[in-house]
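Working notes, structure below.
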Amino acid sequence: MSRSLLQSDRAAWHRAAVEWFSELFSPGEYATIILRQRPAGGVRQLCRLAGHWCHPSGQRLLRAANEAGSDVFCGVNPTVRGSSRAVAEVRRLQVDFDTDGDGCVGRLMRDVRSGRVPMPAVVVRSSVGRWQILWHVDPAAWTVAGAEEANRRLAAAYEGDPAVVDVTRVMRVPGFTNCKPGRNGVLVVRVPRSRYDPQGVGSQWWEPKAFRQVVPGRSAPLAAAVPKAAPPRAPARYIGGRRQPASQSEADWHGVVDALRAGESPDLLIQQLAEQREDKANPRDYAERTVVRACRSLGVQEPDTEYGRRHPERPMSPGR
């Protein structure tokens, strides 16, 4: 590739990233960036004004990190200054397709055309066969609990990643390469809206009723105004009389316990959980810790792990 073509490509990638930031945030809102270094796994977390990420200096910082082997992620909802775990308000629903992504997106778009699901605002191809879908939603009409319940039901309905439900979840930013092993440095690209939404319907800000066929009325309350500074850890929720997890980590725990009871392989669970929780500083250690502790709580044979060797199970003391 000639130098002029490479410079032209980089200019286009730069524009794609700036357009993405500009659509999701106003310049004075805070956007949280996660830079994950490959293959070492080190993480940098940067919470700065969105205007900074659109400025050439901010883009140079992200570009240099990406070219040095770091994946670039960003939360899709504005955050409170100085806190990546507190959203200022709920602006978007999201679903992530990692397995049979092309087929899942096809089924979703068929339902969009039939009117069962609203038109997405943003469609991103994060690598071959993997997709990220976003909907703009009316902040005044959604609570944190309601948005996360909607994300959960969208993932269940279209076989998306069940871990991508919390409103602080980060997604890949278009215009940067995917540095994850096995992705071959493919460019993260946003699909032009004209290809799937020529009339720009997805630019609307959807209310809960638009998702009523996916999110039944008996689910978590959706119509209350969201607080301007949501707490970093949501209180426990009760849906249909059953207590719901208060955090994504708690949801991970219950999911692992249920899978172990169903006979799932602990080694496979560790691998899946580590891939799902890339927002953690050390996803592998987090996955090993969760699965090993779940095995011990159930009396299931635990796998051979680094965490297990560092923290052997203590023998029970005899009763007095």
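Just checking, how many residues over segment 107-154 are part of a strand (DSSP E or B) and under 19 Å from R172 (Cα atoms)? Break it down stepwise before answering.
Filtering segment 107-154 down to residues part of a strand (DSSP E or B) leaves 122-127, 130-137.
After this cut, where a residue has to be under 19 Å from R172 (Cα atoms) as well, the list is 122-127, 130-136.
Total meeting the criteria: 13.
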Here, strands (runs of 3 or more DSSP E) confined to segment 39-97 with at least 3 residues that are touching a residue at least 40 places away in the same chain (Cβ under 8 Å) and buried (at least 21 other Cβ atoms within 10 Å of the Cβ) are 70-75, 92-97
Out of all the residues in segment 149-200, which are without any contact (Cβ under 8 Å) to a residue 24 or more places away in the chain and surrounded by 21 or more Cβ atoms within 10 Å (Cβ to Cβ)? R152
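The numbers here are math on the coordinates, done by the rules we state, and not lab data. The structure presented is a predicted model; accordingly, all values stated were derived computationally and were not measured. Neighbour counts are summed over all protein chains in view; Cβ atoms, including those assigned to glycine, are modelled from backbone coordinates with ideal geometry.
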